[in-house]
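What follows is calculated from the coordinates using simple rules that are stated; it is not laboratory data. Given the structure is predicted, the values throughout are model-derived calculations rather than measurements. For neighbour counting, all protein chains shown are included, and Cβ atoms are generated from backbone atoms with ideal geometry for every residue, glycine included.
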Amino acid sequence: MTAALLFDAGLCLLVLVVAFSAVAGRGLFGAIAFFIIYGMLIALAWLRLEGVDVALAEAAIGAGLTGMLLIGAWSMLKQLGVSGLPGGPSVPLRIAAGAVSGLVALALAATVLALPDGREGLSPAVAESLGRSGVDNPVTAVLLNFRAYDTLLESVVLLIALIAVWSLTPRAVWGGVPGLAQHARSDGVLSMFGRLLPPLGLVVAIYLVWAGSSQPGGAFQAGTVLAAVWLLVVMAGLYDEPPASSRNLRLALVAGPGVFLAVGAVGAAFGVFMGIPEGFAKPLILSIEFALTVSIAVTLALLVAGRPRRPA
Amino acid sequence: MIALDVMTVLLVCTGLVFFVAGTAGLLRFPDFHSRLHALTKADNLGLGFIALGVAFQMTDAWSVAKLALVWMLAGLAAASVAQLVARAALDRLPDESGGEHKG
Amino acid sequence: MTAPLPGAFPALELLIVLPLAASLLAILLGGRLAPRIVLLLGPAMLVVTAVLAFQIQTQGPVRVEIGGWEAPLGIALIGDGLAGVFLVLTAIVMTAVGVFAQKPFGSEGAETTESYTFWPLYFAMWAALNAVFCGGDLFNLYVALELLTLTAVAMVAYGSTRAALRYLLFALAGSLAYLMGIVLLYSATGTLDIELLARQDTIEATRMVSGALMTAGLLAKTALFPLHGWLPPAHGSAPAPASALLSSLVIKASFVIIVRIWFDVMPDVAGTVFVQLLSILGAGAVLYGSLLALRQTRLKMIIAYSTVAQLGYLFFIFPLAGGAAAETPWAAGAWSGGMFHALAHGLAKAAMFLAAGLVIEALGHDRIDDIKGIARALPLTMFAFGLAAVSLMGLPPSGGFLAKYLMLTAALADGQIGLALVMLAGGLLAAAYLFRPVNRALAGDYVPEVAVVTYWRQLIPLGLALLSVALGIISEPPYDLLQVGRSKVAVEGIDD
Amino acid sequence: MSGAGLDSATLFALTGAILIGIGVYGFIVHAHLLRRILAFNVIGSGIFLMFGALGFRGAGNGTDPVPQALIITGIVVALSLTALAVALLVKLAEEEGGATLPEEQPGRGEAE
């Protein structure tokens, strides 16, 4: 017990130091690198809190994809010559900010300590209804059954974020290819990796969805794996991004939310909006998840690639 | 049971030594390419030893296979990243040996 | 479990499903066909909200347990009077703007960035607004609000990247504060359901902290003074149809959540100091926003600053109908007055922005100094603008008049002379800042050369402005609807 | 290996509180928008960590799965907003050659 506590204390300390380096570090690139490490450490913290699903999501999305977005922006800014700022923050500003943030942290810490111990939250309620949800992983049961409405809106949020990013496209390249052209040697390690990874990534993604019904995993984690594979394939120069005007691409984007919404609407027609009948729960949830995985993968990959920049 | 635990501890510790060595190489080696070399090679070996050590705790072959897959993928990823980093370094002036990439 | 009656018309569910489906369809169909969807969806939504209003009025509040899972495990939709009136307002304004936007965001010929991306954003905004107005779960409200923010920021970005970024930063900070509040509340109570939370006993301090955090976050999104800095550039530089949606509906969404928190979730926690603070900020908004509106040189910026000012009135309901005032006989009047103000402002502001959009289409700009005589070129448009101005100034018999009358009566009954004076001053200031553009538009004696603006498009702002005025004449149905499901507020009739 | 104990959960919750403070610090001191976006993400993950740790602390029979599900939703939402913020920032840099939003005079209209 004490050894575990010691480990956790060390982990917390490391998290805080790395977080501070990410926030207050000098160089922008270094700050982003620290942010990615920070995300990995947070994932470790989630493992300690027995939240394996969250750990996977945090490592893949919080650290990985967010990190890619930040690095992508950093390199674009650098090309535009606007990465640097003259001088850092002034000392009085730092002191004032330190005081404010210290107060915030203290107030929140005091609130945390004032919360009563031993609240069970909704674990008993979830455990009681788990048998009727169609899956054995309680987190998946919450995401795709008990609070499926949240997840439906969330999948739309992701999709609309992509449309919002696309809305920034200059008219001249509308319908064009997202991101910048990639140049890579076709005989390098990267392109070998890029050729090897897709089949493997596909298997891993399917496994993550399948296993997600009883073990940690699910559509968002699997979608991120597929998105990462796709990004690597593009980076290796093996394939280019599809143009934003592609009909198949648009179909892939709406497939997941579409199937999800259709299941919800059919439920509404039978009296229970988003209702998933007990007998068909598992196949229905898995169908939703597979469709979602496809859409999430495509959406995430395109979000990282950014708005269309080249004519199709 | 004890023997398996001992093997695990020994192998994981060996793995850690490689990680420490790789990190030391990153910090101490003079130029960019030997740093990168030290880091990727040592980390790869280190991870291999740790995976092997953990494999002794597994009860079924399926889990061992997954561990092997993790090691292989991590190795390939490291190699690809090393190639990308080296390419980025080559694109720059030789005297600016990757100062950006510290951290 | 209070499942809806078997065979009951699933109005609330449709209000979520239909716009979401339309958004997905718009992504799939592309910029050629997407604009046409609204011509089907708009009437459908108007009918569904009318049925819902009828259901609420005749059968009392509707509660839908999504997926059949009871709260706290599941998420519920709440169809009470408050939700009802805002859902109806959303259907009206959204449909009007959707028809109006056929021109600027339609496409003859090839698909463009705007004609493709606007419509998915527009339909998703509609879905998000509906989800917020009838949401019964605090975390679900968070997701819906973020969807709303994404669509709103993207629409601002059509006009100005800089304004969109500023808006996004405010909204992000607001979201995080709101999220923090939810986390504390869930950790203390184990539920996120609004109705269950109302019945929960938990430590006062935790509720205070989480309530304050949620409110602060939502105030940033509502743009209450002094957190209003992002609003004028955002609403002033977005394309006119987007501005109409933002000023009329989007900021009301976070306001309605604040109302739900302080009137439904924790009415007992609202202390005197707190509710007075909200009204002082509101008073600051009315005065500061109005004064800055006087100084603007562009029509759309005047309208945008007017939004900052008009938002202030909404927060007068907190001392007049919340906290210790909840049991007073004038609470119902004050509360309903605030909601009437939100409705009247929503209709009038949409009309004004659309009218300003037509002025820009006709002249290519909206500089007040150079719109001389535009009233003769676009008589219907400027008539609509004038009618909407009547409602904003609070002149009888408009909806704005009724709203201010109700709040003013309550303020006087409560002895809040300061608030009453601010309300009167706000009305005069509104008259002053709206007089300028109307005066310029009527000035001169010639008809300026303008681009063609079709007759039927001028009818849209006119219709909205007429509704805003009519709200003061046909006030009984919305007033009665608003009272459904209000347990805390004493039931006082409009003619008492 | 057994999971973290009661004290560890409190430790992680307090770490979350400090992370929020660190993020707030970063948001205040930096004018560079990319660093502000990064700070927002630190605040967000601090809130999530606190949420999960508090859910873990109360757990009698396993961690509360509801906060976990909400956090996964929250992470995806945060990524969506970050993606839009980053895209807007790059566009701002292309248009204006800067990555900051200097305060404007109140009352002066934005350039069109």
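Quick one: 3J(HN,Hα) in Hz for segment C:319-325, Karplus 6.51/-1.76/1.60 with θ = phi - 60°, rounded, Gly and Pro as x.
x, 7, 10, x, x, 5, 7
Starting from the Cα coordinates of segment C:295-496, work out the convex hull volume and express it per residue in Å³.
Given the Cα convex hull of segment C:295-496, per-residue volume reads 106 Å³.
Please return the longest stretch of chain A lacking exposed loop sites, where chymotrypsin sites (Phe, Trp or Tyr not before Pro) count only if DSSP places them in a loop and at most 12 other Cβ atoms lie within 10 Å.
My reading of the result: A:1-238 is the longest stretch.
Taking other Cβ within 10 Å of each residue's Cβ, how do A:V272, A:V91, C:V308 sort, fewest first?
A:V91, A:V272, C:V308
Which of A:Q79, A:Q221, A:Q182 ends up with the largest GNM mean-square fluctuation for chain A, with Cα atoms connected below 10 Å?
Of the options given, A:Q79 has the highest mean-square fluctuation.
In nanometres, what is the gap between the two model label sites at C:L33 and C:V273, each 7 Å from Cα along Cα-to-Cβ?
6.1
Lys/Arg Cβ at +1, Asp/Glu Cβ at -1, dipole of the protein assembly as shown taken about the Cα centre: which of A:A24, C:G68, C:P478 is farthest positive-ward?
A:A24
Round to the nearest 0.05 the FRET efficiency obtained for B:A3 and B:S34 when R0 = 45 Å and r is the Cβ-Cβ distance.
Taking R0 as 45 Å, the efficiency between B:A3 and B:S34 is 0.70.
Just how large is the dipole of chain B about the Cα centre, in debye to the nearest 20, putting +1 at every Lys and Arg Cβ and -1 at every Asp and Glu Cβ?
Here chain B has a charge dipole of around 40 debye.
Separation between the A:A269 and B:T14 pseudo-spin-labels, each 7 Å from Cα along Cα→Cβ, expressed in nm?
Placing both labels 7 Å beyond Cα along the Cβ direction yields 6.3 nm.
Hey, any idea what the orientation-averaged projected area of the convex hull of segment A:67-219's Cα atoms comes to, in nm²?
16.8
Charges at C-beta only: +1 for Lys and Arg, -1 for Asp and Glu. How large is the resulting dipole of the protein assembly as shown about its Cα centre, in Debye rounded to 20?
Roughly 2160 debye for the protein assembly as shown.
Scattering from the C-alpha atoms of segment C:226-359 alone, worked out with Debye: what is log10 I(q)/I(0) at q = 0.15, 0.18 1/Å?
-0.70, -0.94
Any idea what % of Cα-Cα pairs in chain C are farther than 36 Å?
Cα-Cα pairs of chain C separated by over 36 Å account for 24 percent.
Taking the convex hull of the alpha carbon atoms in segment D:6-96, what volume per residue do you get, in Å³?
In segment D:6-96, the Cα hull volume divided by residue count equals 64 Å³.
Under the 0.36 nm per residue contour assumption, what length would be gained going from the current alpha-carbon distance of C:E476 and C:L291 to full extension?
Length difference between fully extended and current span is 63.2 nm.
Can you list the residues of segment A:39-59 with backbone N under 14 Å from a point 7 Å past the Cα of B:L73, pointing along Cα to Cβ?
The answer is A:56-57, A:59, whose backbone nitrogens lie closer than 14 Å to the label point.
How big is the convex hull of the Cα atoms of segment B:2-101, per residue, in Å³?
Each residue corresponds to 73 Å³ of Cα convex hull volume.
Report the Stokes-Einstein translational diffusion coefficient (µm² s⁻¹, integer) for segment B:1-41, Rh taken as the Kirkwood radius over Cα pairs, at 20 °C with viscosity 1.002 mPa s.
Here the translational diffusion coefficient equals 190 µm²/s.
Only four residue types carry charge here, +1 at the Cβ of Lys and Arg and -1 at the Cβ of Asp and Glu. Report the dipole size of chain A about the Cα centre in Debye, rounded to the nearest 20.
In total the dipole reaches around 1160 debye.
What is the set of long-range amide H partners of A:G275 at a cut-off below 5 Å, with H atoms built 1.01 Å from backbone N?
Under 5 Å from the amide H of A:G275 lie the amide H atoms of A:G267, A:A268, C:G67, each far enough along the sequence or on another chain.
For chain A, what is the calculated [θ] at 222 nm in deg cm²/dmol (nearest 500), taking -39500 (n - 2.57) for each run of four or more DSSP H residues and dividing by its residue count?
About -22500 deg cm²/dmol.
Would you mind checking which residues have amide H under 5 Å from C:V484's amide H? H placed 1.01 Å from N; only 5 or more apart, or other chain.
Close amide H contacts, sequence-distant or interchain: C:G81.
Computed over the Cα atoms, what is the radius of gyration of segment A:21-77 divided by 2.2 N^0.38 Å, N being its residue count?
Normalised Rg, Cα atoms only: 1.18.
Putting +1 on Lys and Arg Cβ atoms and -1 on Asp and Glu Cβ atoms, find which of B:A24, B:T40, B:A55 reaches farthest to the positive end of the dipole of segment B:2-101.
B:A55
Work out the FRET efficiency for B:W62 and A:L196 from their Cβ-Cβ distance, taking R0 = 22 Å, and round it to the nearest 0.05.
Given R0 = 22 Å and the Cβ-Cβ separation, E is 0.55.
Taking the Cα atoms of the protein assembly as shown, what is the range of coordinates along each of the three principal axes, in descending order and whole Å?
93, 59, 58
Using 17 Å as the cut-off for backbone N distance, which residues of segment C:224-257 belong to the label zone defined by a point 7 Å from the Cα of C:R436 along Cα→Cβ?
What the label zone holds, given the 17 Å backbone N cut-off, is C:232-233, C:236-237.
Restricting to DSSP loop positions (anything but H, G, I, E, B) with no more than 16 other Cβ atoms inside 10 Å of their own Cβ, which trypsin sites (Lys or Arg not before Pro) remain in segment A:95-187?
Filter output for segment A:95-187: A:R185.
Between A:K282 and C:Q102, with labels modelled 7 Å along Cα→Cβ, what's the label distance in nm to one decimal, could you check?
For the pair A:K282/C:Q102, the computed spacing is 5.2 nm.
Please list, ordered by chain and number, the residues whose modelled amide H lies under 5 Å from the amide H of C:R63; skip anything fewer than 5 residues away on the same chain.
The list, which skips near neighbours in sequence, is C:G79.
GNM on chain A, C-alpha springs below 10 Å: top fluctuator among A:S101, A:S75, A:S245?
Result for chain A, Cα springs under 10 Å: A:S101 fluctuates most.
For chain C, what is the mean residue ellipticity at 222 nm derived from helices alone (per DSSP H run of n ≥ 4: -39500 (n - 2.57); sum divided by total residues; nearest 500 deg cm²/dmol)?
-23000 deg cm²/dmol
Per residue of segment A:102-110, in order, report the coupling 6.51 cos²θ - 1.76 cosθ + 1.60 (Karplus, θ = phi - 60°) as ³J(HN,Hα) in whole Hz, putting x for Gly and Pro.
Per residue, the Karplus-derived 3J(HN,Hα) values read x, 5, 4, 4, 5, 4, 5, 4, 4 Hz.
Taking θ as phi - 60°, what are the ³J(HN,Hα) couplings along segment C:248-254 by the Karplus curve (6.51, -1.76, 1.60), each to the nearest whole Hz, with x for Gly and Pro?
3J(HN,Hα) across segment C:248-254, in whole Hz: 7, 10, 4, 5, 6, 4, 5.
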